[in-house]
Every structure is written in structure tokens, then in C-alpha cells.
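Structure first, commentary second.
The values are calculated or read from the model by the stated rules, or taken from the named source; none is laboratory data. Since this is a predicted model, take the numbers as computed values, not measurements. All Cβ positions, glycine included, derive from the backbone under ideal geometry; neighbour counts span all protein chains shown.
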Amino acid sequence: MNKYEFLYKLNKNLDSFKSSDRDEITHYYDELIQDAVDNGENEDAFIDRLGSVETIIRTIKKDDTFVTNVKEKKDFELRKVFSATSKLVGYAIFVFVIIVIGSIAFSFVTSGASLLVVGTTRMIIGIKNSVSSMTLIMYAGNIFLGIGLLLLGASGFWWLIKQSKDKLEKLLEWIQKTLDKRGE
Amino acid sequence: MDIQLKKGFLEILVLASLKNEDSYGYRIIQDVSEIMEISESTLYPILKRLEAQDFVTTYSTEYNSRLRKYYKITKLGLQKIRESESDFLEIKKIYDYILK
């Protein structure tokens, strides 16, 4: 059998393979035969030595599951990397939100506290100096606004602590787990 | 030699033949067959295995106005060779016991 007959038969028998695999296998044998001939070997004798097309294909098919398994394992590892990345992005967003809400809560608490202090002091001084009731009502408004802001800020903090305690524990746990895996 | 044993060794032998320079199918067979019998049809699945495990990469270069596929060993492949060195000690221990 010459090279063309052999490659034709091989290609025809590879019809159950993907066309890219089919081309690759045919090219592999084409290259081998040409290299053998270039090296001074007899074409027909070399092709005889390759064995039957059926045996060649059986050898490749036997190994197919191995290659597929390796590929599936790789896909799985890739998915793991993706989920780790999205987790990290999630935590980054969470930390950002914490900082924003934290600073808003802080400004509420401080401005609420100062309004409360200022309102109370003015109220006391105002009562002593017996100012008009309209002014006293304004001071009282100051005090209530202060209390309101203070409570709002405080509840913001309370929410923040409640949320981040849970998340922080999870984050630490996750970092620990990742480090453990690296160490394996 | 036992077929399973041989298969494992052939993978490492093919990698070892690529250690110093990139090579192509026909030459890999010539190099490896000096140490262990390998046929053209067994090399192909081995190369596919090595490629799937990222132990080798491939590229094609023109030679004599035709394309020839070259195999290049990767860092992972070199690491695999080093790992087989520790296998050697284990195998030696096993045979020391068998032949005792």
C-alpha cells in the first residue's frame, strides 16, 4: 500500500471522529511517512510496519476517555477559579458598601449629637433668660432633630455591625480555607 | 514488559526526549526506541495525553515545503520528569523487595 492509499483508508475509517481530530491524525501519519522516506526508508515497508488502519484507530479510541477526563478536570478547575473571583468581587463591593454606610452613619451621629447638645444648651439658657415661646419651640425642634439623626446614625451602625460580623466571619473562614488548599 | 508499566514509562521517556530540544513524531520514535520499544501508533495517544495534561505544547514549522508538527516541553512537563525521579526510588524499593 502506498502513502495515498493508506491515508485515504485511514481518513475514511476515522468518520466517527470530530473533523479536527480526523485531520490531525491523518496529518500525523502523513508527516511520519514523509519523514521516514526522507530518512531513506522504503515507503511501502514503513507503511506495512505501521500496522492495520483498524488497529491504529482502536489504539486511539482506547485512549480517548483519558484525554476527555483530563479536559473535564481542567474545566472544573477553571470553574473553581471563576467562582473564587466572583466571590472576591462580591466581598470588595460589600466592603465598599460598608465604608459608605459607615461614613453616612458616622456623620448622622456626630451632627445629631451636636444638634442635641446645642439645642439643649440654648433651651436651658433660653428658659433662664425667659425668651419668647416661639424661640423655645425652635430650640425644641433642634433637640428633636438631633435625637432623630442620632438614632438614625446609631441604627445604621447597629445594622453594620450585625451584617459585617456574619460576613467577616465568613470571609475569614474562606481565606483560611483557600490558604489550607494552597498548602496541600 | 508489563503493558501498564510500559505506558507509564513511555510518557516520561517521550518527555525526556524533549528535555533538550523540541522534536517531531518521527524523531521522537527514533530517540525513545533506543531505550524502549515504541510504535508509531502508540506514540500518537501518548502525545495527545501529554498535550491534554499541558506537559507539552505544539507548533508547526515548514520543512522541505511541508508542515512539520513540533512538540515543546512545558514547565509542567519538566516538573513531571523531576517527579519521576522520586518514583524511581520507590520502584527500586519495590524491586529490592521482590528480588530479595
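Going by the structure shown, is A:Asp35 modelled with pLDDT of 90 or more, under 17 Å from B:Leu47 (Cβ atoms), within 11 Å of another protein chain (Cβ to nearest Cβ) and in a helix (DSSP H, G or I)?
So A:Asp35 fits the description; yes.
When only residues in region B:53-69 that are surrounded by 10 or more Cβ atoms within 10 Å (Cβ to Cβ) and farther than 23 Å from A:Phe66 by Cβ count, which is farthest from the chain's Cα centre (by Cα)?
B:Arg66
Could you tell me how many of the residues in region B:80-90 are away from chain A (no Cβ under 14 Å) and either loosely packed, with under 12 Cβ neighbours inside 10 Å or basic (Lys, Arg) (or both)?
7
Could you tell me whether region B:80-93 includes any residue that is part of a loop (DSSP other than H, G, I, E, B), over 13 Å from the mean Cα position of the chain (by Cα) and free of Cβ contacts under 8 Å to residues at least 60 places away in the same chain?
no
Looking at A:Asp15, A:Asp21, can you tell me which residue is assigned to a loop (DSSP other than H, G, I, E, B) and closer than 20 Å to B:Pro45 by Cα?
Exactly one of A:Asp15, A:Asp21 is assigned to a loop (DSSP other than H, G, I, E, B) and closer than 20 Å to B:Pro45 by Cα, namely A:Asp15.
Which ones in region B:7-32 are away from chain A (no Cβ under 12 Å) and over 11 Å from the mean Cα position of the chain (by Cα)?
B:Asn20, B:Glu21, B:Asp22
One line per residue, one yes/no per condition, for (1) of a type in the set (S, T, N, Q); (2) more than 26 Å from B:Glu11 (Cβ to Cβ); (3) under 43 Å from the mean Cα position of the chain (by Cα); (4) away from chain B (no Cβ under 14 Å):
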position	(1), (2), (3), (4)
A:Asn39	yes, no, no, no
A:Ala45	no, yes, no, no
A:Gly51	no, no, no, no
A:Asp64	no, no, yes, no
A:Phe82	no, yes, yes, yes
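Could you grab me the full set of residues in region B:40-63 that are of a type in the set (S, T, N, Q) and at the interface with chain A (Cβ under 7 Å from one of its Cβ atoms)?
Result: B:Ser41, B:Thr42, B:Gln53.
Which one of these is touching a helix residue (DSSP H, G or I) at 6+ places or on another chain (Cβ under 7 Å) and assigned to a helix (DSSP H, G or I): A:Ile137, A:Ile125, A:Ile99, A:Ile104? Give the steps one after another, and end with the answer.
Working: A:Ile137 fails: touching a helix residue (DSSP H, G or I) at 6+ places or on another chain (Cβ under 7 Å); A:Ile125 fails: touching a helix residue (DSSP H, G or I) at 6+ places or on another chain (Cβ under 7 Å); A:Ile99 fails: touching a helix residue (DSSP H, G or I) at 6+ places or on another chain (Cβ under 7 Å).
When all the criteria are applied, what remains is A:Ile104.
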